[in-house]
Amino acid sequence: MSAIGVLQDVADGSGPRGPVDISSRDSGTGASDADCATLCEVLLHGADVHRALAAHALGRIRNPSAAETLIEALLDEDEDVRVEAAGALARIGDPRANRQLLENLVGDPSAQVKLYAIDALARTRAPELAGWLRRLLAGRDEEVAWDEEEFSQSGWDDWVDVQLKALAALGDLGVREAIPDIAKAIRDEDNQDLSDVGFAALAKLVPEGITALAGFLGDQDPRRRRRAATSLAASPDESARKAAARALDDPSPGVRLAAAVGLATQTPESPQLAGAFGDADPEVRAAVLKLAGRHHGAAVIGSLDDASGSVRKAALEVLADAPDLADAGGIVERVRGLVTDGDDDVAGAAIGALTVLAGADAVGELLLVLGDEERPERLRLAALRGLASMEGTNHVEAMALVLGG
């Protein structure tokens, strides 16, 4: 096969031996060593577009023998080639490339090269990287080359992309020394919004990062408090979840909702959620019921009398999914009473729950709903589905009489 044939086949992921598996780090992933050598030759001596494609293809096959050629391509005169070479090295992860990748990070004006260089250097955990990441997080470092022409033409500052990449990498690399830098960057009102990426990074820097992240629960901006609560609740660290529980008392319903949803998702059995079932906002109460109700039976039963229809509906849906929660006496009768609830959504959920909880004993109520032409069609259909789900023939005959008029 010609060099261009190999280039096209591997670059589009379908070599002569079938699709290239880019999830593998082995060299034998759909392209032979001979193919790799051919691509390296194209990368060194081909036309601009072919060199870029060759670098891309070498990244897909991840053959370590291509590393030296890709390192050389980091100095290519064509920006696209340098971008693809840096991207390929990020996939291969060869520490021999670190020195040149650092030089590209600092001296190459292409933001895309810088982004891939950070990926590649982070993958090999290059010790020199952390210092540069902290500098790039802080600002448009004067010692770093930037594409000033692109900035003047488009008005877009490439540094903002690099800043986000640097921030995420600091978290991934576990650079605890950068915690004050991260917190300062998040709070800088002149910066772009870094809270999502920044909080995720802090959450990885246990334990000091958790302390810094918890500090944002007192921020004046409800959006930051909400995102901080979400990140803390999602952390596997126990101290983080304890901090997230504090947000259940936040004055903003959105913050309380974020904390409740996060904690209920991660630890639905947690007693820390007890207060959320009685939250002042019905959206919070309904959300925590749906996510964690089956672990808090008393809260579910109590919610059957909630003033909010959405909360009553959520409680009924939990009972339908976890009927063992209704062992206490009188629960079925309370559910039976909700079949005539003035909120049709609640009534529909009650029909579903009653079908599960009472079985054949619910036939009478379901037939009444089915035969009541003043009830909304969707409720009558719900009753019909409930009856059809039951075993036996008596209720089927009764159902036929109702439908037959």
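What is the sum of charges around residue 116, taking Lys and Arg as +1, Asp and Glu as -1, for the other residues whose C-beta is under 11 Å from the C-beta of residue 116?
So the surrounding residues net to +2.
Stretch residue 266-residue 280 to full length: gain in nm at 0.36 nm per residue minus the Cα-Cα span?
2.8 nm
Hey, rough spin-label estimate for residue 196 and residue 65, points 7 angstrom out along Cα→Cβ, what's it come to in nanometres?
Using points 7 Å along Cα→Cβ, the separation is 4.3 nm.
Work out how much length residue 252 to residue 377 would gain on full extension: take 0.36 nm times their residue separation and subtract the Cα-Cα distance, in nm to one decimal.
41.1 nm
In debye, nearest 20: dipole of the chain around its Cα centre with unit charges on the Cβ of K, R (+) and D, E (-)?
Charge dipole, the chain, about its Cα centre: 1300 debye, nearest 20.
So, by mean Cβ neighbours within 10 angstrom, what's the order for 234-247, 193-206 with the highest one leading?
By packing density, highest mean first, the sequence is 193-206, 234-247.
For the range 217-260, divide the Cα radius of gyration by the Kirkwood radius and give the resulting Rg/Rh value with two decimals.
0.93
Given the convex hull over the Cα atoms of the chain, what projected area results after averaging over all orientations, in nm²?
Here the figure is 28.4 nm², rounded to one decimal.
Taking a threshold of 24 Å on the Cα-Cα distance, which of the pairs 165/204; 242/290; 242/313 fall above it?
242/313
How are the C-alpha pair distances of the range 24-140 spread across 5 Å bins, as whole percents from the shortest bin up?
2, 14, 25, 23, 18, 10, 5, 2, 1, 0
Considering the zone a paramagnetic label at residue 161 would reach in this model (a point 7 Å from Cα along the Cα-to-Cβ line), which residues of the range 94-108 have amide N under 18 Å from it?
Only 104-108 pass the distance filter.
Could you sort 337-343, 127-133, 292-298 so that the peptide with the highest average Cβ count within 10 Å comes first and the rest follow in order?
292-298, 127-133, 337-343
Could you check the spin-label model distance between residue 149 and residue 308? Points 7 Å from the Cα along Cα→Cβ, value in nm.
Result: 5.8 nm between the two label points.
With the dipole of the range 34-113 worked out from charges on the C-beta (+1 for Lys and Arg, -1 for Asp and Glu) around the Cα centre, which of 58, 47, 109 lies farthest toward the positive end?
After comparing all options, I get 58.
Bear in mind these aren't lab numbers, they're just calculated from the coordinates by the rules spelled out. All values derive from a computational prediction rather than experimental measurement. Cβ sites come from the backbone with ideal geometry, for glycine too, and all protein chains shown count toward neighbours.
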